[in-house]
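Step one of this worksheet: look at the structure below.
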Amino acid sequence: MSRCIAFEHLWTPDGWLSPGYLDVDAAGRIAAIGATPPPQQRVDEQVAGHAVPGMPNVHSHAFQRLLAGRCEIGGRGHEDNLWTWRQRMYALAQRIEPRHYEDVAAFTYMEMLLHGFTRVAEFHYLHHAPGGARYAEPAEMAWRLAAGARRAGIGLTVLPTLYAHAGIGRTPLPEQARFVHADVDEFLRLAGSLHARRAEHGAAVGLALHSLRAVAPAELSAAVAGAASIEPHLPIHIHVSETRHEVEECLAGLGARPVQWLLGHAPLDAGWTLVHATHLDEGERSGLARSGALAGLCPMTEAMLGDGLFPLVEYHREGGAWAIGTDSHYASGVAAELRMLECGQRLSRGRRNVLADAEHGDPRRLRSGEQLFASALRGMRALGDPAPALSVGSPADVVVLDPHSPTLAGHDTEAILDAWLLSGAADAVRDVMVDGRWQVREGVHLRQESIVRAYAEAAHTLFD
Ligand SMILES: [Zn+2]
């Protein structure tokens with residue numbers, strides 16, 4: 001049994017359909033899409049406003065949402081940067097119990113849905129109990145994420161993360177004991193068991209390597225080989241080149257810059273996501289673009305941590321694939337992340353409309369909002385689902401913008417994405433559907449009250 005939904009305006013990669021029809025099958029996938037309903041199909045639901053595909057979020061550490069807004073105190077008499085922030089994050093990570101992990105994930109994923117994300121890749125390294133003791137169920141914490149995702153109704157790809165060292169050649173710190181496995185085999189057993197039971201928990205599974213600082217070359221090779229034996233083309237994610245310090249450490253320890261090293265030693269292709277990749281030289285930038293790997297950019301977190309700016313304009317012109325993540329969740333919204341991304345590039349170059357370029361870009365997309373939005377949709381493959389957004393066979397993930405939002409007032413359809421993403425003070429998201437099911441209606445999540453209450457209780461327990 002399929003269900004036909006008529007949208008007043010429906011975005012497709014080839015332009016707006018006004019109206020547009022989606023036929024959604026019982027599994028929540030798109031059976032048909034077009035300017036007319038499928039033959040003999042009655043329309044089951046009419047939706048006013050502008051409907052766009054749900055956005056994939058390629059990088060999240062859900063528990064770090066607890067720190068957003070709690071680490072903005074200056075005057076400590078030393079330089080404050082990612083490494084000082086990390087000490088706060090480690091202190092928090094020591095205290096989180098499984099129930100907190102689930103409650104914070106449900107809240108963080110609910111916020112993502114309220115602001116236009118419908119799927120998320122969770123880079124998960126909080127594996128063990130405080131002090132490093134193993135839970136009776138080794139996948140306890142990963143399944144808590146899946147439980148949080150089900151409460152929120154977001155599509156989850158959990159990425160169990162290999163974390164083995166405090167830095168290149170350095171044994172792990174006591175505060176990293178929750179992240180570290182005895183060896184790569186123990187880690188691969190976790191990844192394999194998550195993959196085997198993924199349907200039961202309603203999650204997809206990929207694999208992550210924390211970074212070249214935390215994973216040695218031999219461990220990286222063993223994990224990549226192990227991933228292929230779990231499933232060919234399992235998505236693989238890695239943090240890379242987030243700070244200049246990391247570049248220097250790799251040069252000293254591995255004899256190459258981080259992305260340069262990966263290009264020479266790892267089988268980078270469209271199944272890989274390099275998270276941040278902020279500090280690239282020209283050779284790394286071009287090599288990454290040619291490799292087909294995705295750059296996972298986290299604009300608000302990179303800005304708030306003072307990491308630096310990714311060379312997006314040149315990379316984009318070279319055909320490099322990129323997508324967005326919310327990482328530490330300073331914003332958790334599609335518009336906030338894409339606006340920060342575009343603004344950072346404009347500020348650093350003294351130019352406007354830096355990606356929507358007739359000479360180098362997609363000539364159909366000369367509007368910045370449209371160009372940013374269509375490009376970031378490529379993040380679906382980082383979650384293990386390569387079908388293009390809103391195409392036959394892809395999940396029925398739809399975000400409907402509110403025509404009565406002040407942000408969209410007076411705009412015609414062609415400018416709607418520019419208005420939503422690059423103007424206005426209020427987010428215009430009104431309704432959100434994941435796998436054919438509404439999770440947000442009229443700007444409110446269906447389980448918002450209970451999810452917010454549980455999160456607030458967790459925060460009080462952890463910080464009081
Ligand atoms: Zn991260």
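The values are calculated or read from the model by the stated rules, or taken from the named source; none is laboratory data. A quick note: this is a predicted structure, and the numbers were derived from the prediction, not measured. Here the Cβ is made from the backbone with ideal geometry for all residues, glycine too, and neighbour counts use every protein chain on show. All accessible areas refer to the heavy atoms of the entire protein, side chains included, with ligands and DNA or RNA removed. Shrake-Rupley method; radii C 1.70, N 1.55, O 1.52, S 1.80 Å.
When segment 218-234 is limited to residues that are touching a Leu at 6+ places or on another chain (Cβ under 7 Å) and touching a residue at least 40 places away in the same chain (Cβ under 8 Å), the one that is farthest from D183 (Cα to Cα) turns out to be L234. Taken over segment 304-321, residues that are open to solvent by less than 50 Å² (accessible area, probe 1.4 Å) and under 22 Å from D80 (Cβ atoms) amount to 4. Taking every residue in segment 7-23 that is polar (S, T, N, Q) and pairing it with any residue that is buried (at least 19 other Cβ atoms within 10 Å of the Cβ) and outside any strand (DSSP E or B), at least 6 positions away or on another chain, the pairs with Cβ-Cβ distances below 8 Å are T12/L390.
For (1) under 24 Å from G379 (Cα atoms); (2) open to solvent by less than 10 Å² (accessible area, probe 1.4 Å); (3) in a strand (DSSP E or B), each residue gets a yes or a no:
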residue	(1), (2), (3)
R134	no, no, no
A142	yes, yes, no
A146	yes, yes, no
A149	yes, yes, no
T157	yes, yes, yes
P160	yes, yes, yes
H165	no, no, no
F179	no, yes, no
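If the condition is being part of a strand (DSSP E or B) and open to solvent by less than 10 Å² (accessible area, probe 1.4 Å), then segment 16-46 contributes G20, L22, V24, I30. Note on segment 290-303: among residues that are part of a helix (DSSP H, G or I) and more than 16 Å from the ligand (Cβ to nearest atom), the one that is most open to solvent (accessible area, probe 1.4 Å) is R290. For Y101, the conditions (1) within 21 Å of T461 (Cα to Cα); (2) touching a Ser or Thr at 6+ places or on another chain (Cβ under 8 Å); (3) open to solvent by less than 10 Å² (accessible area, probe 1.4 Å) all hold with the exception of (2). Taking the stated definitions as given, is L274 in the same structural domain as H210 (by TED's automatic domain parsing) and crowded, with 20+ Cβ neighbours inside 10 Å? Yes. Residues in segment 417-445 that are assigned to a strand (DSSP E or B), farther than 24 Å from N353 by Cα and open to solvent by 10 Å² or more (accessible area, probe 1.4 Å): 6 in all. On inspection, Y163 does not qualify as within 16 Å of the ligand (Cβ to nearest atom), within 30 Å of R339 (Cα to Cα) and over 14 Å from the mean Cα position of the chain (by Cα).
Within segment 235-248, the residues that satisfy the criterion of being crowded, with 19+ Cβ neighbours inside 10 Å and modelled with pLDDT of 95 or more are P235, I236, H237, I238, H239, V240, S241, E246, V247.
Summed over segment 390-430, residues that are hydrophobic (A, V, I, L, M, F, W, C) and without any contact (Cβ under 8 Å) to a residue 12 or more places away in the chain total 1. Give me a count of the residues in segment 235-253 that are part of a strand (DSSP E or B) and either away from the ligand (no atom under 16 Å from the Cβ) or without any contact (Cβ under 8 Å) to a residue 24 or more places away in the chain (or both). The qualifying residues number 0. Residues that are within 19 Å of the chain's Cα centre (by Cα) and of a type in the set (A, V, I, L, M, F, W, C) were ranked within segment 229-253; the one that is farthest from A166 (Cα to Cα) is L234.
Within segment 403-416, the residues that satisfy the criterion of being open to solvent by less than 40 Å² (accessible area, probe 1.4 Å) and out of contact with any strand residue (DSSP E or B) (no Cβ under 7 Å at 6 or more places or on another chain) are S405, T407, A415.
Yes/no matrix, rows are residues, columns are (1) touching a helix residue (DSSP H, G or I) at 6+ places or on another chain (Cβ under 9 Å); (2) at pLDDT below 95; (3) not in a loop (DSSP other than H, G, I, E, B):
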| position | (1), (2), (3) |
| --- | --- |
| L66 | yes, yes, yes |
| C71 | yes, yes, no |
| W83 | yes, yes, yes |
| R88 | yes, yes, yes |
| H100 | yes, no, yes |
| V104 | yes, no, yes |
| M110 | yes, no, yes |
| E122 | yes, no, yes |
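Looking only at segment 260-278, count every residue that is within 16 Å of the ligand (Cβ to nearest atom) and either without any contact (Cβ under 8 Å) to a residue 40 or more places away in the chain or farther than 26 Å from N57 by Cβ (or both) and tell me the total. Adding up the residues that qualify gives 5. Are any residues in segment 304-357 in a loop (DSSP other than H, G, I, E, B), small (G, A, S) and within 16 Å of the ligand (Cβ to nearest atom), and if so, which ones? Matches in segment 304-357: G306, G308, G325, S328, A331, S332.
A256 meets all of the listed conditions (1) open to solvent by less than 20 Å² (accessible area, probe 1.4 Å); (2) under 20 Å from G379 (Cβ atoms); (3) of a type in the set (G, A, S); (4) away from the ligand (no atom under 15 Å from the Cβ) but one, namely (2). Restricting attention to segment 279-288 and to residues that are in contact with a Phe, Trp or Tyr (Cβ under 9 Å, 6 or more places away or on another chain) and open to solvent by 10 Å² or more (accessible area, probe 1.4 Å), the residue that is nearest to the ligand (Cβ to nearest atom) turns out to be H279.
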